[in-house]
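Everything on this sheet refers to the single structure shown next.
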Amino acid sequence: MASISHAFTTTNNNPSLNLPHNRSSLLRLSSHSFPRRFFNNVRIFAQHTNSTSTSIDFNDPDWKIKFQQDFESRFRLPHITDIFPDTPPIPSTFCLKMRTPIGKDIPGHYSLDEEWHGYINNNDRVLLKTINYSSPKSAGAECIDPNCTWVEQWVHRAGPREKIYYKPEEVKAAIVTCGGLCPGLNDVIRQIVITLEIYGVKKIVGIPFGYRGFSDKELTEVPLSRKVVQNIHLSGGSLLGVSRGGPSVSDIVDSLEERGINMLFVLGGNGTHAGANAIHNECCKRRLKVSVIGVPKTIDNDILLMDKTFGFDTAVEEAQRAINSAYIEAHSAYHGIGVVKLMGRSSGFIAMQASLSSGQVDVCLIPEVPFNLHGPHGVLRHLQYLLEMKGSAVVCVAEGAGQNLLQNTNAKDASGNIVFGDIGVYIQQETKKYFKEIGVHADVKYIDPTYMIRACRANASDGILCTVHGAFAGYSGISVGLCNTHYAYFPIPEVILHPRLVDPNSRMWHRCLTSTGQPDFI
């Protein structure tokens with residue numbers, strides 16, 4: 001079986017639209033076949049329409065009902081009763097009115113506090129989309145059909161349930177952090193451990209250094225408790241360490257069986273979630289009573305359907321410090337130009353938000369918006385204009401932007417991601433070269449704060465308590481995140497279809513363009 005890094009597969013969006021679904025195909029389609037206005041509508045459909053298992057015939061008067069039925073089917077949460085239908089539910093051991101944890105002297109004794117109204121009903125839902133767009137031409141419109149028909153789409157509300165499907169004294173829970181570092185990892189580890197203990201779980205362990213910890217015999221489990229994690233949120237990084245790649249899915253599930261782990265909390269991004277989903281499927285195949293829960297950890301904020309992921313706000317705040325440094329350097333030099341490269345492989349959320357928030361950026365470049373560096377409408381010509389008009393300039397670029405300008409090495413990292421060229425260094429070099437050739441002095445400063453941002457402490461606690469609640473409720477193969485300010489559960493396949501992208505027609509990108517004053521670089 002392939003290693004965990006190759007578990008990630010993409011699923012095409014709505015096949016009934018009969019359109020190319022990857023971004024490069026859409027760009028080729030737009031430049032050769034159709035006017036830009038049509039391309040914008042195509043992008044709306046292909047990028048934002050939820051995938052469906054069957055084609056939609058919009059001429060069918062019942063298409064809306066069928067779409068809702070298909071949506072409910074796709075967003076149904078996998079549950080352990082799917083494999084073990086006779087599993088009896090028991091009253092929840094989670095009640096914040098009674099803080100005394102379950103002791104060894106009362107195993108199997110559960111009494112539901114019916115007077116505590118802190119439980120979530122299984123039928124509670126969160127509205128996925130809150131704006132009723134009247135036209136596909138509206139800024140940021142997310143439409144299902146060409147008429148932009150409003151269709152209600154509801155997802156499962158997260159939180160503690162009255163009934164649970166695991167006895168706390170029989171639970172061995174494990175936490176693993178995968179991929180790269182992100183602000184807030186220790187906050188989430190701490191909250192998971194504390195919540196597990198409130199349920200009455202005694203056996204909690206951390207798997208060191210990502211999925212690798214399941215196979216490397218030199219790496220041992222890290223015992224976790226409230227005492228161990230009490231102050232870990234005061235520092236950055238991950239108590240458990242991180243790594244990319246790892247053993248095969250089969251080997252990981254073998255390790256889960258050997259260790260007696262029946263709750264696994266996986267903190268990671270798209271690739272890590274794909275691995276978690278593969279682990280969930282393998283557990284189902286082997287008829288193992290194991291709940292696998294994903295916690296979206298990506299500094300790029302590129303997880304579908306969620307407002308934002310933990311650590312993103314911290315990343316934006318820290319990125320502003322780098323931008324401010326670039327501004328001071330550029331403003332203090334004769335014809336100074338500051339170039340700042342920020343995280344964002346496929347999505348430019350950090351670069352966009354940091355540029356907008358700082359108010360000091362003149363040019364923001366993100367992967368979703370193509371640009372030319374050279375030429376009469378290129379970035380360099382605009383920088384020349386800025387030096388003539390105000391004497392300095394600041395450029396903020398996401399790491400995944402402008403990769404078409406760089407030589408493709410075809411190299412991949414341990415997670416199977418393509419290794420990008422350094423667009424920041426390239427812009428710095430090309431800027432120096434350009435101004436030297438036209439005989440204009442330019443003092444170019446380059447700042448790459450990537451690792452400083454990733455490793456810093458979170459600026460606020462990310463208390464995702466719902467993560468543990470979902471496992472005790474018997475769900476598996478799900479991810480939990482903010483949706484319209486409420487925590488919700490999502491089937492993992494629905495959040496890893498493709499990275500969440502900045503919509504170039506969104507109001508937020510328009511605000512960024514207003515702040516920078518930059519033109520189109522095409």
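The values are calculated or read from the model by the stated rules, or taken from the named source; none is laboratory data. A quick note: this is a predicted structure, and the numbers were derived from the prediction, not measured. We place every Cβ from the backbone using ideal geometry, glycine too, and count neighbours over all the protein chains shown. Ligands, DNA and RNA are stripped out before the accessible areas are found, and what is left, the full protein with its side chains, is counted by its heavy atoms. Shrake-Rupley method; radii C 1.70, N 1.55, O 1.52, S 1.80 Å.
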If I ask for residues that are in contact with a strand residue (DSSP E or B) (Cβ under 7 Å, 6 or more places away or on another chain) and either among the hydroxyl-bearing types (Ser, Thr, Tyr) or part of a helix (DSSP H, G or I) (or both), which ones from segment 186-210 would you list? Val188, Ile189, Ile192, Val193, Leu196, Gly210
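Inside segment 375-396, can you point out the residues that are in contact with a helix residue (DSSP H, G or I) (Cβ under 6 Å, 6 or more places away or on another chain) and not hydroxyl-bearing (Ser, Thr, Tyr)? Lay out the reasoning, then the answer.
Start the filter on segment 375-396 by keeping residues that are in contact with a helix residue (DSSP H, G or I) (Cβ under 6 Å, 6 or more places away or on another chain), which leaves 380, 392-394, 396.
Across segment 375-396, the qualifying residues are Leu380, Ala393, Val394, Cys396.
For residues in segment 136-172 being of a type in the set (Lys, Arg) and assigned to a loop (DSSP other than H, G, I, E, B), which is least open to solvent (accessible area, probe 1.4 Å)? It would help to see each step written out before you state the result.
As a first pass, look at segment 136-172 and keep what is of a type in the set (Lys, Arg): 137, 157, 161, 163, 167, 172.
When the remaining residues are screened for being assigned to a loop (DSSP other than H, G, I, E, B), the result is 137, 161, 167.
Details: Lys137: 151, Arg161: 7, Lys167: 80 Å².
For segment 136-172, the residue satisfying everything is Arg161.
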Scan segment 324-349 residue by residue and report those that are touching a Pro at 6+ places or on another chain (Cβ under 8 Å) and part of a loop (DSSP other than H, G, I, E, B). Gly344, Arg345, Ser346, Ser347, Gly348
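Among the listed residues Ile194, Ile175, which satisfies the condition of being out of contact with any Asp or Glu (no Cβ under 8 Å at 6 or more places or on another chain), closer than 22 Å to His233 by Cα and surrounded by fewer than 20 Cβ atoms within 10 Å (Cβ to Cβ)?
Working: Ile175 fails: surrounded by fewer than 20 Cβ atoms within 10 Å (Cβ to Cβ).
Step by step, each of Ile194, Ile175 is checked, and only Ile194 is out of contact with any Asp or Glu (no Cβ under 8 Å at 6 or more places or on another chain), closer than 22 Å to His233 by Cα and surrounded by fewer than 20 Cβ atoms within 10 Å (Cβ to Cβ).
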State yes or no: is Gln360 in a loop (DSSP other than H, G, I, E, B), within 17 Å of Ser515 (Cα to Cα) and open to solvent by 20 Å² or more (accessible area, probe 1.4 Å)? yes
For the subset of segment 405-439 comprising residues that are of a type in the set (S, T, N, Q) and touching a helix residue (DSSP H, G or I) at 6+ places or on another chain (Cβ under 9 Å), which member is modelled with the lowest pLDDT? Ser415
Being at pLDDT 95 or above and surrounded by fewer than 24 Cβ atoms within 10 Å (Cβ to Cβ) narrows Ile328, Ile293, Ile279 down to just Ile328
Considering segment 303-323 alone, what residues qualify as being surrounded by fewer than 24 Cβ atoms within 10 Å (Cβ to Cβ) and not in a helix (DSSP H, G or I)? Leu304, Leu305, Met306, Asp307, Lys308
Given the conditions (1) touching a Phe, Trp or Tyr at 6+ places or on another chain (Cβ under 9 Å); (2) among the aliphatic types (A, V, I, L, M); (3) part of a helix (DSSP H, G or I), report the number of the one that Val228 does not fulfil. (1)
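Answer yes or no as to whether Arg259 is out of contact with any strand residue (DSSP E or B) (no Cβ under 8 Å at 6 or more places or on another chain), open to solvent by 10 Å² or more (accessible area, probe 1.4 Å) and charged (D, E, K, R). Write out each step before concluding.
Details: out of contact with any strand residue (DSSP E or B) (no Cβ under 8 Å at 6 or more places or on another chain): no; open to solvent by 10 Å² or more (accessible area, probe 1.4 Å): yes; charged (D, E, K, R): yes.
So Arg259 does not fit the description; no.
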Restricting to segment 425-454, and then to whatever is polar (S, T, N, Q) and open to solvent by less than 60 Å² (accessible area, probe 1.4 Å), can you tell me which residue is farthest from Ala319 (Cα to Cα)? Thr431
Tabulated pairs, segment 504-520, first closer than 16 Å to Gly378 by Cα, second in a helix (DSSP H, G or I), C-beta under 9 angstrom, 6+ apart or interchain: Thr516/Ser355; Thr516/Leu356; Gln518/Val379; Gln518/His382; Gln518/Cys512; Pro519/His382; Pro519/Leu513
Flagged in segment 163-206 as within 22 Å of Ala455 (Cβ to Cβ) and polar (S, T, N, Q), in numbering order, are Thr177, Asn186, Gln191
Quick test for you: out of Ile337, Ile299, pick the one residue that is within 19 Å of Cys178 (Cβ to Cβ), in contact with a helix residue (DSSP H, G or I) (Cβ under 7 Å, 6 or more places away or on another chain) and aliphatic (A, V, I, L, M). Ile299
Starting from segment 223-251, keep only residues that are within 14 Å of Asp187 (Cα to Cα) and open to solvent by less than 20 Å² (accessible area, probe 1.4 Å), then list their pairs with residues that are of a type in the set (S, T, N, Q) and modelled with pLDDT of 95 or more whose Cβ atoms are within a distance under 7 Å, requiring at least 6 positions of separation or different chains. Leu240/Thr177
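Out of the residues in segment 202-222 that are open to solvent by less than 20 Å² (accessible area, probe 1.4 Å) and among the small types (Gly, Ala, Ser), which is nearest to Ser255 (Cα to Cα)? Lay out the reasoning, then the answer.
Filtering segment 202-222 down to residues open to solvent by less than 20 Å² (accessible area, probe 1.4 Å) leaves 204-208, 210-211, 213-214.
Retained after the next criterion (residues that are among the small types (Gly, Ala, Ser)): 206, 210, 213.
Details: Gly206: 13, Gly210: 13, Gly213: 10 Å.
Only one residue tops the list, namely Gly213.
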